[in-house]
1. Subtracting the Cα-Cα distance from 0.36 nm times the residue separation, let me have the gained length for residue 164 to residue 378 in nm, one decimal.
2. Based on Cβ point charges of +1 for Lys and Arg and -1 for Asp and Glu, what charge dipole magnitude is obtained for the chain about its Cα centre, in debye rounded to the nearest 20?
3. Modelled label-to-label distance, residue 195 and residue 336, 7 Å Cα→beta-carbon offset: nm?
4. Taking 0.36 nm per residue of separation and subtracting the Cα-Cα distance, what length does fully extending residue 116 through residue 171 add?
5. Which one, (i) 211; (ii) 324; (iii) 250, gives volume of the Cα convex hull per residue in Å³ as derived from the coordinates shown?
6. Taking the Cα centre of segment 183-383 as the origin and placing charges on Cβ (Lys, Arg +1; Asp, Glu -1), which of 246, 220, 349 is farthest toward the positive end of the dipole?
7. I need the phi-derived Karplus couplings for segment 103-119: 6.51 cos²θ - 1.76 cosθ + 1.60, θ = phi - 60°, integer Hz, Gly and Pro marked x.
8. Placing unit charges on C-beta atoms (Lys and Arg positive, Asp and Glu negative, everything else neutral), compute the dipole magnitude of segment 2-180 about its Cα centre in debye, rounded to 20.
Amino acid sequence: MIKKYVLIILLSFPVLLIAQSPQKLIEKGEYDKAIESCVAKLEKGKGKKTELYANLKVAYETADQADNDKIVKLKSSKLPEIWFDVFTIYFGMQKRSQEVLRIGEQLKQDQVNIVIHDYSEDLEASRQKAVSYQYAYASNLLKTGSQDDALQAYLELLKITKLVNEYKDVELLMRQSLGAGSKMALLEINNRSDVMLSPDFLSELKNIGLNYRERQFLNYTAKSEQGEKYPLLLSIDINKVTVTPGTVSEKEFTASHKDPESLDGAYKDEAERAEARKHPDYNKCKIKEIHQIKSAVMEGTLKYIDGNSGMVLYVVPITARSLFENKTATAEGDLFACPPEIYKLLDKPKKKVPKNTEMIYNAGQEFKVLVHSTVWDDAFITE
C-alpha cells in the first residue's frame, strides 16, 4: 500500500509542477522552478502563451544575472580555491539553458526574444582549473603528516572525482589519505548473499595477517570495544556466492601421426616394422579425453566508511574465484600416433571433485587476499 502511494506521488509530480504559478515562484525567488513550470506548461499547451513567455524571460534572465554576479564576485577575490564553486555555478547555468532549449523551436517559431546562452566553454575551463587546484591542494595536505590534513585531503580529492572520471593518480592519493587519516580501523564482514556461510568461515575471513610495517600504516580490529570510537570502518559485504555443479566431459577421437616415416627408427628390426605396418591399427590411436571442472565465485565490495558520520567514503568491488580442473586420458592402439599433449595425460588419475563447501572456502581465501592487497598495498601506504 505504501509503494502504491509513493508511485501516485511520483506520477503526479509533473502535474504538481505544472499546477504551480510561475509568477508566484518568481516572487519567491525560485527562478529555476519557475522556468521548469513554464517549459512544462508550454510543452503541454496549457496556460496563456504570452504570459508564460514573459515569466520565462524574467525567470531565466534574472537567474542568469544572479549567477553571473556570483561568479564575478568569486573571480574578483583572485583566490585559487574558487574554481570548484565557479564550476558548480556554471554547471547550474548550463543546465538551466538546456531546460529552456527543450522548447527552443517553439520559441523560434513564436519569435520570443530570449537569448539562451551556451556556457559549455566556461564550464570546461572552470572544470580544468578546479581539478588542477584540488589536486595540488590535496597533495600538499598529504605531505604534512597530520591525520586531520589527510582526511581533508580525501575530501578535496573527492571533489575531483565529481569533476572528471579519471585524473593522474587520484585513486592512489585517496587510498593514501584514508590510511593516513585513520591509524586504527574497525573491520566488519556482512554476508548479504543467498548462501549460508558459517560464523567460523566469516571469522576466518577477518583474520588478515599484517606485518609490522602495514600495522604502522593502518591497523585494524575485528571486535569493537565498548566505548571505543573508530574513525574508519572497513565494511566487507559478500553480495553473491555462486558454485557451478561439477561436470565431467568426455571426448573420443582417433589420432594419427603426421609423419609416420619419422618413427621408423623406433623399430630395431625391419621385419618387426613391416609387420606393424600390416596391423589395422598402425598409426591409429583411439583416445578418450576426460575433463573435470568446477568453479566458485565470491562477489562483494569493500567500503571505507567514516566512523563519525557513517558516510561511505570509497567503494571497491572485489571478485574472488576458485577453480578445480583436472584432465586425464586413455588411449588404445598405436601410441606412437598419440599427440604429445595427450600422451602427458595418460598417467594422470581421475580426481574426486571437491564439495561446494571446499570450493567456497578456497574462494574465501582468495577474497581475503584481495582485501589485504586492496587496503594494505604498498602503493597506497605513505611513509
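Just so it is clear, none of the values below were taken in a lab; they were calculated from the coordinates. These numbers come from a predicted model, not from an experiment. FYI the Cβ positions are ideal-geometry reconstructions off the backbone, even for glycines, and counts take in every protein chain you see.
1. Working: separation 214, 0.36 × 214 = 77.04 nm, distance 2.57 nm.
Net length gain for the segment: 74.5 nm.
2. Values: 54 positive and 56 negative charges, 246 e Å.
In debye, rounded to 20, the chain gives about 1180.
3. 5.0 nm
4. Working: separation 55, 0.36 × 55 = 19.80 nm, distance 3.79 nm.
Gain in length upon complete extension: 16.0 nm.
5. Answer by label: (ii).
6. 220
7. Listing the rounded values in order: 10, x, 5, 5, 5, 5, 5, 8, 6, 7, 8, 10, 8, 8, 8, 9, 9 Hz.
8. Working: 26 positive and 25 negative charges, 129 e Å.
Charge dipole, segment 2-180, about its Cα centre: 620 debye, nearest 20.
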